[in-house]
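Reviewing the structure listed below.
The values are calculated or read from the model by the stated rules, or taken from the named source; none is laboratory data. Please read all numbers here as calculations on a predicted model, not as lab measurements. No Cβ is skipped: glycine too gets one built from the backbone with ideal geometry, and neighbour counts run over all protein chains shown. Only protein heavy atoms, including side chains, enter the accessible area calculation; ligands, DNA and RNA are left aside. Shrake-Rupley method; radii C 1.70, N 1.55, O 1.52, S 1.80 Å.
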Amino acid sequence: MQKFISEPVLSRPFVFNEDFGILTLGYHDFSRIYNPEYTSRVQNFYTLHFVLSGKGTLKTGGEVYNVTEGQMFFLPPNTEICYYPTEKEPWEYVWFSLKGDISNQYGEQLGFNTPVKNCANFGKIKYLLKNLFNALDEGGGYFGVLSTFYEIMEISTVARSDTGVESVKRIIDEGFTRTDFSIASLCLDVGISHPHLLRLFKEKYNTTLIKYLNQKRIEYACRLLSTTELSVKSVAFSCGFCDELHFMKTFKKYMGKSALEYKRNKQ
C-alpha cells in the first residue's frame, strides 16, 4: 500500500497569539512504529484526529469506541483519555492540537455529539492533508496549515449535495496541474476502486476520467500558449505533464495541430 508520507512520525509545533490557534500538526503510522500507549492521561488542549487507514480504540468518558478508517475523533482538554491502535490493523492518522475557547465551538460545528464520527467528504479531506504535508516538505508554514484546517472545516460543516463522483471531479479541477497527479493515486485518495470509479464517472459525465483530465490540461495549455512567452516544454510541465513528448502527442490528438503551431497562430 502506498504510504501517506515517507516518515512514520511527524510533529510540527507552532506559536500563535490569537483567540484560536493550532499548536501542533502531527502524523503517526503505527504499522511502522507500533508503540501503543495504554495509560490514561489528561491534556490541556483540544485534539482533532483523522484516521487515514487501519483501526484503533478510544476510551473516554467511561465509554469505549472502536475507531476505523474514514472516521475522526475530537478530544477536549481536562478529560481522561486513552487511545491506541489495534494489533492486526494499526491505524494511521493525522492530528491537529488546538488552543483557544473557540475550539469547542468548532467541535460542535463539526457535529461531535459523541467523540467519534464519520468524516464527511473523507476522500477530499485525505487529499487536502496529503497536499498539506507535501507543502510542508517544500517549506510551507503555519498559515498553510491554518488554511487547510479551515478548508476542512468548510467541507465538513457545510451541507453539500455533491456525490462522490462530483467530489472526484473537483479534485481533478484543483489538482490537474501537478505532475504527480494520476488516476491511480486519485483512486487511492478517495478510496474507490479504479474500475468502479471509471464506471461512475462515465455514467455521470459521459466521458472517461483520463479524457477529462487530459482536456483540463490541454485547455490550460492553450491558455498558456496564447497568453505567455513560455516554451512548449515549460507549458507541458505547467499543465501537469512530466514528459514533453507525451504532452506534444496529446496536444496534437486533442487540438489537431502541434503545440508550436498553435502558439505561432495565436501570436
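Out of residues 5 or more away from Tyr83 or on other chains, whose amide H comes under 5 Å of its own, with H placed 1.01 Å from N in the peptide plane?
Result for Tyr83 returns Lys59.
Amide H to amide H, which residues 5 or more places from Gln43 or on other chains are under 5 Å from it, using H placed in the peptide plane?
Long-range HN contacts for Gln43: Asn78, Thr79.
Sort Thr57, Thr227 from largest to smallest accessible area, using a 1.4 Å probe on the heavy atoms of the protein chains.
Thr227, Thr57
Amide H to amide H under 5 Å from Glu69: which residues, 5+ apart in sequence or cross-chain, H placed 1.01 Å off N in plane?
Gly54
Report, in debye and to the nearest 20, how large the dipole of the chain comes out about its Cα centre when Lys and Arg carry +1 and Asp and Glu carry -1 on their Cβ.
1480 debye
Which value at 222 nm does the chain reach when only helices count, each DSSP H run of 4 or more adding -39,500 (n - 2.57), with the total divided by all residues and rounded to the nearest 500 deg cm²/dmol? Don't skip to the answer; put the middle values down first.
On the way: 10 runs with 118 residues, N = 267.
It comes out at -13500 deg cm²/dmol, rounded to the nearest 500.
What accessible area per residue, rounded to a whole number of Å², is obtained for the chain using a probe radius of 1.4 Å?
On a per-residue basis, the chain sits at 52 Å².
Roughly how many Å² of Glu7 are accessible to a 1.4 Å probe, to the nearest 10?
Ignoring ligands and nucleic acids, Glu7 comes out at about 100 Å².
How many percent of the alpha carbon pairs in the chain exceed a separation of 23 Å? Don't skip to the answer; put the middle values down first.
Values: 21189 of 35511 pairs.
Of the Cα pairs, 60 percent sit more than 23 Å apart.
Give the accessible area for Cys222 in Å² (nearest 10); use a 1.4 Å probe, count only protein heavy atoms, and leave out ligands, DNA and RNA.
20 Å²
Roll a 1.4 angstrom probe over the protein heavy atoms and tell me the percent of accessible area of segment 164-267 that is carbon or sulfur.
On segment 164-267, the fraction of accessible area on carbon and sulfur atoms equals 53 percent.
Measure off 7 Å from each Cα along the Cα-to-Cβ vector at Lys117 and Ser147, then give the distance between these two points in nanometres to one decimal.
In this crude spin-label approximation the distance works out to 2.7 nm.
Quick one: what are the phi-derived ³J(HN,Hα) couplings along segment 135-152, Karplus 6.51/-1.76/1.60 with θ = phi - 60°, whole Hz, x for glycine and proline?
5, 5, 4, 9, x, x, x, 4, 5, x, 5, 4, 4, 5, 4, 5, 5, 5
Please compute the length gained on full extension between Arg170 and Leu198, using 0.36 nm multiplied by the number of residues separating them and subtracting their Cα-Cα distance. Present the calculation step by step, with values, prior to reporting the outcome.
Details: separation 28, 0.36 × 28 = 10.08 nm, distance 1.53 nm.
Gain on extension, Arg170 to Leu198, equals 8.5 nm.
Considering the chain as a Gaussian network with a 10 Å cut-off on Cα pairs, which listed residue, Glu80, Glu92, Glu138, attains the greatest mean-square fluctuation?
Glu138
Please turn the phi angles of segment 70-76 into ³J(HN,Hα) values with the Karplus equation 6.51 cos²θ - 1.76 cosθ + 1.60 (θ = phi - 60°), one per residue in order, whole Hz, x for glycine and proline.
For segment 70-76, the Karplus-derived couplings read x, 10, 9, 9, 10, 10, x Hz, x marking Gly and Pro.
Accessible surface of Arg199 in the full protein assembly, 1.4 angstrom probe, to the nearest 10 Å²?
Probe radius 1.4 Å; accessible area of Arg199 about 110 Å².
Report the label-to-label distance for Asn265 and Cys242 in nanometres (one decimal), using points 7 Å from each Cα along the Cα→Cβ vector.
Label-label distance for Asn265 and Cys242, simple model: 3.1 nm.
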